[in-house]
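**Student:** What follows is a single structure, and I will ask about it in a moment.
The values are calculated or read from the model by the stated rules, or taken from the named source; none is laboratory data. Small disclaimer: the values here were computed from a predicted structure and weren't measured. When we count neighbours, we look across all protein chains shown, and the Cβ atoms used for this are built from the backbone with ideal geometry, even at glycine. Surface accessibility is based on the protein's heavy atoms, side chains included, excluding ligands, DNA and RNA. Shrake-Rupley method; radii C 1.70, N 1.55, O 1.52, S 1.80 Å.
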Amino acid sequence: MNTPQGASTVTATRPTPTPLAIASLQPELTGLDPDAPVKLRAQDVSIRYGDRVAVRDVTLDVPEHSVMAFIGPSGCGKSTVLRCFDRMNDLIPGAAVEGRVELDGEDVYAPSVLPVEVRRKVGLVFQRPNPFPMSIYENVAFGPRRHGEQGKARLDDVVERSLRQAALWDEVKDDLRKKSGLSLSGGQQQRLCIARTLATDPEVILMDEPCSALDPIATLKIEELIGQLKVDYTIVIVTHNMQQAARVSDRTAFFTLGEDRAGYLVELDETLRIFTNPANQLTEDYVSGRFG
Amino acid sequence: MARLDAPRRITLGAALVVIAAVVLLLGFIVWRGVQLFVVSGVPVTQILSPTWQPDPLSEGTTYGLLPFIAGTLAVMVVAAVVSTPLSVGLALFMAEVAPTWARRIAQPAMEVFVGIPSVVYGWLGLTILVPFLRVHFGWLGFATGFSWLAGSLVLALMILPTITSISYDAFVAVPADMRSASLALGTTRWQAIRHVVLPAAATGVATAIVFGLTRAAGEALAVQMVIGNAPVIPTSLARPVTTLTSQITLDMSDATGTWNEALWTMGLVLLLISLAFVLLIRWLGRGRSQA
Amino acid sequence: MRRVLAADRLATAVLWAVAVFVILVLVAIIAYFVIESIPTFSLAFLFADPSLTEIGGIGPVLWNSVYMLVLTMLLTVPLGVLGGIYMAEYAGEGRLTNAIRFSQELISSVPSIVVGLFGFALFVAATGWGFTALGGALTLMVFNLPLLLRLSEQAIRTVPADERAASLALGATKWQTIRHAVLPVAIPGVVTGIVLTAGRVFGEAAALLFTAGLSTPTRYDFSNLNLLDPQSPWSPFRNATTLSVFIWKSNSEGLGNYVHEVANMSSMVLIVMVLAFNLGSRWLGGALQRHVSGL
Ligand SMILES: Nc1ncnc2c1ncn2[C@@H]1O[C@H](COP(=O)(O)OP(=O)(O)OP(=O)(O)O)[C@@H](O)[C@H]1O
Ligand SMILES: [Mg+2]
């Protein structure tokens, strides 16, 4: 229904993106709410780095309070698309975004919109844990402080709540101020980064391969966490781990590289369907490990 | 076996020349520097006197080095106070704010700055700065223009590239991750600089400032040309003062006897000052060399 | 929110202003010397003898600068590069290495006037040579050596480990490896270091006041090739006032009718020379780099 037919010059070699099939799913079977409002929307989005088109003609909706996974081979533009939702592409010299990106129906790239405002509503967790070289407490309090929260009691409160949400509180509560964020293990650092993002009270959380540097136990903790967070937040997660996508997400978007070396969205569907009965042969090959 | 070791020994020999140079330098400067006390019998405490009356023909000969030490410190500190905001600002600009084209101008410009010899700065101070102060700020007490402030301004310009390039390195060494992390939390660029980049680079910036101070304390000719060379305790930015380096430069060729020995003692004091700075820089850098 | 954004804009504006200001100061300095020099400058200025009654020239002092440069580099380069090889390839962690590093740091921060005093005590007084070009060059070596040592060490350290490993794996000795695998790759960096160090020789004055001498030379006879004759411009055992020292001296003494013009033009010459060294080192380093990687 929202295939970017008119927008793109579809070449013969490229498979036409499959229409979204959400409407055809039976809600009672999937547990998905078909009437949930759209939180994030990309419409005919193409992103270039300098002259090189990294991804083209991406159209997708992320409904509120759901988890969407981005999967696909390396270099197909998953991170690039993810970053356009909180305008982190602005930081890369030469990066240019075309098309329309919406948050709650409003154009994220409108001239009147400040990137700072977008990023306060849309948090980003990076692939590599990157805590600040400060105490655990200061790491989590960083966002709230910058946004004007000075009250000690309230900061204490935010720090504790965020660390609890990120399932880190019990491990660090005794040396919040003594220990540097950098002295934690990789998995703890990543949860600290998630807590740091939660503390700024975003509406959307973007995660770019949050578990790629973590062991299975830490990964499990983060996956559980995502399951809990989606009650309050809208989440988009990039992952190379099929099982992870299957476990944590409600919907999955599969991207791949076209013949022109630009990435594009092949298929977006309910996760169950992507992994059991995808509409596109490329998707099937990829999820069953027959890719490349 | 012995033959295999020859290259090692030869290269080691070359490296040892540096140690030999230091040992000789320390030996000569310390030896000549203590003559004032050992040979001429001037009490060590006398160098802390504020009176400099080295002429053996006049009465009340006193070798007080306090005016020179105080002058050196005063000129150095004001130079750093003027130079630091500019240099750190410029370094921040190049590391955090500048678009590529601006960086492409600023970086070679810094190299040109470093390359300008100190006598040229001195000459510039003498022909432009000193008359300028005299003509336009005479009402503030710059009677001749030769002044503490003139010395500090010339030095500020000279240490600017030193502080800039070392703090630039410190800013660039802060991982890009840190900035993106801050920005992704919805902070402005300035908040990221102020609360992430600056704290993370603080030691590096401190080191840069100490390097600048070191250079300021040791610079001789440029300062000597504009400072007025009055052996008094500095009290006013508008008045002539002097420094250890200036006095050595001026008197060395003429002074004889005890007067000459006092100049060597000034050299020894300068050596001790730079030694202190080296130790300070080492202490600042201790965290990094361990990591 | 609004305050935070205003602070961001203000900070950005201030940083731009600082950068523009500093660059303008630099441009103004260079423009000043160029503009002041143009009316009186001629190529003859570079070669003529100094004069008290007319503009004259800087021939002898310019010659001395070049002479000191060559002499200093002849002394410094072999020691600096060999020492750099030791520090990069052989030095372990230990007291000796520490002592060398500490010496490097100390000399780099000792004021050049103090190095000059040391040079005077050792090369002028103790040796009984008096003020000589050789004494000046040895003094300059003392404070250029640590710099060149460090730059060479850095250049050699940047050679990737695989270059070494490949050569060692073929059964080459450590020295053969350094000689044939490491040094060729490190050459561009080493040369850049040498040229940068050389540029400093040109600008230095304080260390030479009491070592190479202060007299204003005239009428050099270049046909006098006797290296031991203090009158010969080729001799290392003679007074050798360089251009930098000359600028300081003519100003502090204020002698001559054209001190101002001569100082301006000399400053310009000095700046141009040092700039040439800087640009030259970049260019040469780059060219050698291409040459080496093209092999
Ligand atoms: N900062 C950048 N500058 C220039 N090109 C970039 C930049 N970041 C990404 N690209 C290019 O854009 C394309 C998509 O990159 P992206 O990082 O979005 O892929 P990805 O799907 O996230 O890959 P991976 O799974 O390896 O993380 C790649 O071809 C990459 O080379
Ligand atoms: Mg990626």
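**Student:** Given axes a ≥ b ≥ c from the Cα gyration tensor, I'd like to know whether region A:55-135 is rounded (a/c under 1.5), prolate (a/b larger than b/c) or oblate. Before the final figure, lay out each step's value.
**Tutor:** Numbers: a/c = 1.33, a/b = 1.14, b/c = 1.17.
Rounded, because the longest to shortest axis ratio a/c is under 1.5.
**Student:** While we're here: Work out the charge dipole of the protein assembly as shown with +1 on the Cβ of Lys and Arg and -1 on the Cβ of Asp and Glu about the Cα centre, then indicate which of A:GLN244, C:ALA166, C:TRP16 is farthest towards its positive end.
**Tutor:** The residue sitting most towards the positive pole is C:ALA166.
**Student:** Right, another one. Out of C:LEU75, C:LEU138, C:LEU168, any idea which swings most in a Gaussian network model of chain C, alpha carbons joined below 10 Å?
**Tutor:** It is C:LEU168.
**Student:** Using Cα springs under 10 Å in a Gaussian network model of chain C, which residue among C:GLU105, C:GLU93, C:GLU163 shows the largest mean-square fluctuation?
**Tutor:** Among C:GLU105, C:GLU93, C:GLU163, the largest GNM mean-square fluctuation belongs to C:GLU93.
**Student:** Please compute the average number of Cβ atoms from other chains found within 10 Å of each residue's Cβ in peptide C:19-31. The partial results should precede the final answer.
**Tutor:** Details: counts 14, 4, 3, 13, 7, 0, 5, 9, 2, 2, 8, 2, 0.
Whole-number average of other-chain Cβ neighbours for C:19-31 is 5.
**Student:** Same structure, new question: Multiply the residue gap between B:SER58 and B:VAL30 by 0.36 nm, knock off their C-alpha separation, and tell me the result in nm, one decimal place. Provide the component values of the computation, followed by the final result.
**Tutor:** Values: separation 28, 0.36 × 28 = 10.08 nm, distance 2.82 nm.
Residue separation times 0.36 nm, minus the Cα-Cα distance, leaves 7.3 nm.
**Student:** What is the local net charge at C:ALA137, summed over the other residues whose Cβ is closer than 14 Å to its Cβ (Lys, Arg +1; Asp, Glu -1)? Can you show the working numbers first?
**Tutor:** Values: positive: C:ARG200, C:ARG238; negative: C:GLU204.
For residues surrounding C:ALA137, the net value is +1.
**Student:** I'd like the orientation of helix A:216-229 relative to chain A: the angle between its Cα long axis and the longest Cα principal axis, in ° from 0 to 90, rounded to 10.
**Tutor:** It is inclined by approximately 80 degrees.
**Student:** Then there's this: Output the relative contact order of region B:192-291, whole-number percent, from Cα pairs under 8 angstrom with separation of 6+ residues.
**Tutor:** On the way: 68 pairs, mean separation 30.4, N = 100.
That works out to 30 percent.
**Student:** Calculate, in whole percent, how much of the Cα-Cα pair population of region A:19-287 lies beyond 32 Å. Don't skip to the answer; put the middle values down first.
**Tutor:** Details: 8272 of 36046 pairs.
Value for region A:19-287: 23 percent of Cα pairs lie more than 32 Å apart.
**Student:** Order the following by accessible area, largest value first: C:ASP162, C:ASP221, A:ASP208. Probe radius 1.4 Å; ligands, DNA and RNA are ignored.
**Tutor:** Details: C:ASP162 110, C:ASP221 75, A:ASP208 20 Å².
From most accessible down to least: C:ASP162, C:ASP221, A:ASP208.
**Student:** Bin by bin, in steps of 10 Å, what percent of the Cα pairs in region C:39-293 do you find, going until the bin that has the longest distance?
**Tutor:** Once binned at 10 Å, the Cα pair distances of region C:39-293 give 7, 26, 30, 21, 11, 4, 1, 0.
**Student:** Note the count of lysine pairs whose C-alpha atoms are less than 16 angstrom apart in chain A, limited to pairs 8 or more residues apart or on different chains.
**Tutor:** Numbers: A:LYS39/A:LYS121; A:LYS39/A:LYS230; A:LYS121/A:LYS230; A:LYS221/A:LYS230.
Lysine pairs meeting the criterion: 4.
**Student:** Using +1 at the Cβ of each Lys and Arg and -1 at the Cβ of each Asp and Glu in the protein assembly as shown, identify which of C:VAL201, A:ILE274, B:TRP139 lies farthest towards the dipole's positive end.
**Tutor:** C:VAL201
**Student:** Now for a different question. As a check on your grasp of the helix formula, calculate [θ] at 222 nm for the protein assembly as shown: sum -39500 (n - 2.57) over DSSP H runs of n ≥ 4, divide by the residue count, round to the nearest 500.
**Tutor:** Numbers: 34 runs with 480 residues, N = 878.
Only helices count here, giving -17500 deg cm²/dmol.
**Student:** Describe numerically, in nm with one decimal, the distance between label points set 7 Å from Cα along Cα→Cβ at C:VAL20 and at A:SER288.
**Tutor:** It works out to 6.5 nm between the two label points.
**Student:** Something else about it: Give me the summed buried accessible area for the B-A pair, 1.4 Å probe, to the nearest 100 Å². It would help to have the intermediate numbers written out before the result.
**Tutor:** Working: alone 15670 and 13590 Å², together 27730 Å².
So the total buried area for this chain pair works out to about 1500 Å².
**Student:** Still on this structure: Taking N as the number of residues in chain B, what is its alpha-carbon radius of gyration divided by 2.2 N^0.38 Å? Present the calculation step by step, with values, prior to reporting the outcome.
**Tutor:** On the way: Rg = 22.9 Å, N = 291, 2.2 N^0.38 = 19.0 Å.
So the Cα radius of gyration is 1.20 times the expected 2.2 N^0.38 Å.
**Student:** Might you work out the accessible area of B:LEU237 for me, using a 1.4 Å probe with all protein chains in place, and round it to the nearest 10 Å²?
**Tutor:** B:LEU237 has an accessible surface of roughly 70 Å² with all protein chains in place.
**Student:** Along the charge dipole of region B:66-284, Cβ charges K/R +1 and D/E -1, which of B:LEU86, B:PHE211, B:GLY267 sits furthest on the positive end?
**Tutor:** Farthest towards the positive end: B:LEU86.
**Student:** Continuing with this model, one more query. Roughly what angle does helix A:152-165 make with the longest principal axis of chain A, taking Cα atoms, 0 to 90 degrees, to the nearest 10?
**Tutor:** 50
**Student:** Now a separate question. Net charge near B:LEU263, counting Lys/Arg +1 and Asp/Glu -1 over other residues with Cβ under 14 Å of its Cβ? Present the calculation step by step, with values, prior to reporting the outcome.
**Tutor:** Numbers: positive: B:ARG32; negative: B:ASP55, B:ASP251, B:ASP254, B:GLU261.
Net charge in that neighbourhood comes out at -3.
**Student:** Buried accessible area between C and B (1.4 Å probe, both chains summed, ligands and nucleic acids excluded), in Å² to the nearest 100? Each step should come with its number before you reach the end.
**Tutor:** Working: alone 16380 and 15670 Å², together 25630 Å².
The contact between B and C buries close to 6400 Å².
**Student:** Any chance you could check the Cα centroid distance between region C:213-273 and region C:69-86 for me, in angstrom?
**Tutor:** Cα centroid of region C:213-273 versus Cα centroid of region C:69-86: 25 Å apart.
**Student:** Using only alpha carbon pairs under 8 Å that are at least six residues apart, calculate the relative contact order of region B:66-284 and give it in whole percent. Walk me through the numbers before you get to the answer.
**Tutor:** Values: 309 pairs, mean separation 69.1, N = 219.
This gives 32 percent for region B:66-284.
**Student:** Here's something else I'd like to know. Please compute the alpha carbon radius of gyration of region B:38-159, then divide it by the globular-protein estimate 2.2 N^0.38 Å. Two decimals is fine.
**Tutor:** Values: Rg = 20.2 Å, N = 122, 2.2 N^0.38 = 13.7 Å.
Against the compact-globule rule of thumb, the ratio is 1.48.
**Student:** Ok, one more. Within 10 Å of each Cβ of B:173-180, how many other protein chain Cβ atoms are there on average?
**Tutor:** Values: counts 0, 1, 3, 2, 6, 4, 2, 6.
That works out to 3 on average.
**Student:** If you don't mind, another one. For a quick check of understanding: with a 1.4 angstrom probe and all protein chains in place, what accessible area in square angstrom does C:HIS180 have, to the nearest ten?
**Tutor:** Here the residue's solvent-accessible area equals roughly 120 Å².
**Student:** Distance in nm between label sites at C:LEU279 and A:VAL38, each 7 Å beyond Cα in the beta-carbon direction?
**Tutor:** 5.8
**Student:** Turning to a different aspect of this structure: Taking R0 as 30 Å, what FRET efficiency do you get between C:VAL272 and B:THR144 from their Cβ-Cβ distance, rounded to the nearest 0.05? Kindly include the intermediate steps, with their values, before the conclusion.
**Tutor:** Numbers: r = 32 Å, r/R0 = 1.07.
My answer for the efficiency is 0.40.
**Student:** Then there's this: Would you please classify the overall shape of region A:148-220 from the alpha carbon gyration tensor, given that a ≥ b ≥ c denote the square roots of the eigenvalues, rounded means a/c under 1.5, and beyond that prolate means a/b larger than b/c while oblate covers the rest?
**Tutor:** oblate
**Student:** Averaged over C:142-154, how many beta carbons belonging to a partner chain fall within 10 Å of each residue's beta carbon?
**Tutor:** Numbers: counts 7, 2, 0, 5, 4, 0, 0, 4, 1, 0, 0, 1, 0.
Partner Cβ neighbours, averaged per residue: 2.
**Student:** Would you mind estimating how fast region A:168-209 diffuses translationally, via Stokes-Einstein at 10 °C and 1.306 mPa s with the Kirkwood radius over Cα pairs, in µm²/s?
**Tutor:** Numbers: Rh = 11.3 Å.
So the translational diffusion coefficient is about 141 µm²/s.
**Student:** Eigenvalues of the Cα gyration tensor times 5, then square-rooted: what semi-axes does that give for region C:161-257, in whole angstrom, largest first? Before the final figure, lay out each step's value.
**Tutor:** Numbers: eigenvalues 415, 67, 19 Å².
They are 46, 18, 10 Å, listed largest first.
**Student:** In debye, nearest 20: dipole of the protein assembly as shown around its Cα centre with unit charges on the Cβ of K, R (+) and D, E (-)?
**Tutor:** Details: 64 positive and 67 negative charges, 256 e Å.
Its charge dipole is roughly 1240 debye.
**Student:** Right, next: Send over the Kirkwood Rh of region C:57-198, from the inverse of the averaged 1/r over different Cα pairs, rounded to one decimal Å. Write down the numbers at each step before the final one.
**Tutor:** Numbers: mean 1/r = 0.0599 Å⁻¹.
One over the average 1/r among Cα pairs gives 16.7 Å for region C:57-198.
**Student:** Which percent, nearest 5, of DSSP beta bridges in the protein assembly as shown are antiparallel?
**Tutor:** So the antiparallel bridges in the protein assembly as shown amount to around 60 percent.
**Student:** Please identify the DSSP H helices in chain B that span no less than 27 Å along the helix axis (Cα) and have a mean Kyte-Doolittle hydropathy of 0.5 or more. Mind dumping the intermediate values first?
**Tutor:** Values: long enough: B:6-33 (39 Å, 1.69); B:66-92 (38 Å, 2.05); B:148-172 (34 Å, 1.58); B:257-290 (49 Å, 0.84).
Flagged H segments are B:6-33, B:66-92, B:148-172, B:257-290.
**Student:** Taking chain B as a Gaussian network, Cα atoms linked when under 10 Å apart, which of B:PRO131, B:PRO234, B:PRO161 shows the biggest mean-square fluctuation?
**Tutor:** In this elastic network of chain B, the residue with the biggest mean-square fluctuation among B:PRO131, B:PRO234, B:PRO161 is B:PRO131.
**Student:** C:LEU52 label point, 7 Å along Cα→Cβ, cut-off 11 Å on backbone N: hits in region C:214-258?
**Tutor:** Only C:255-257 pass the distance filter.
**Student:** Sort out for me the Cα centre separation of region B:160-180 from region B:55-79, rounded to whole Å.
**Tutor:** Each part's Cα centre sits 38 Å from the other's.
**Student:** Oh, and also: If we count every other residue with Cβ under 13 angstrom of C:PRO184's Cβ, Lys/Arg +1 and Asp/Glu -1, where does the sum land?
**Tutor:** On the way: positive: C:ARG164, C:ARG179; negative: C:GLU163.
So the environment of C:PRO184 carries a net charge of +1.
**Student:** What FRET efficiency, computed as 1/(1 + (r/R0)^6) with R0 = 51 Å and r the Cβ-Cβ distance, is obtained for C:ALA7 and C:THR173, rounded to the nearest 0.05?
**Tutor:** 0.25
**Student:** If you don't mind, another one. For region B:124-282, what class follows from the C-alpha gyration tensor (a ≥ b ≥ c being the square roots of its eigenvalues): rounded when a/c is under 1.5, otherwise prolate if a/b is larger than b/c, else oblate?
**Tutor:** Values: a/c = 3.67, a/b = 1.79, b/c = 2.05.
Since a/c reaches 1.5 but b/c is at least a/b, the shape of region B:124-282 is classed as oblate.
**Student:** Here's another thing I want to ask about it. Evaluate E = 1/(1 + (r/R0)^6) for C:LEU74 and C:ASN224, where r is the Cβ-Cβ distance and R0 equals 25 Å; express this FRET efficiency to the nearest 0.05. Don't jump to the answer; show the numbers that get you there.
**Tutor:** Details: r = 21 Å, r/R0 = 0.83.
Once the sixth-power term is evaluated, E becomes 0.75.
**Student:** Given a cut-off of under 8 Å on Cα pairs at least six residues apart, what relative contact order in percent is computed for region A:19-287?
**Tutor:** Numbers: 516 pairs, mean separation 69.3, N = 269.
For region A:19-287, the relative contact order is 26 percent.
**Student:** Something else now. Using only alpha carbons, build the gyration tensor for the protein assembly as shown and give me the equivalent ellipsoid semi-axes, biggest first, whole Å. Display every interim value, and only then the final one.
**Tutor:** Working: eigenvalues 820, 185, 145 Å².
Equivalent ellipsoid of the protein assembly as shown: 64, 30, 27 Å, largest first.
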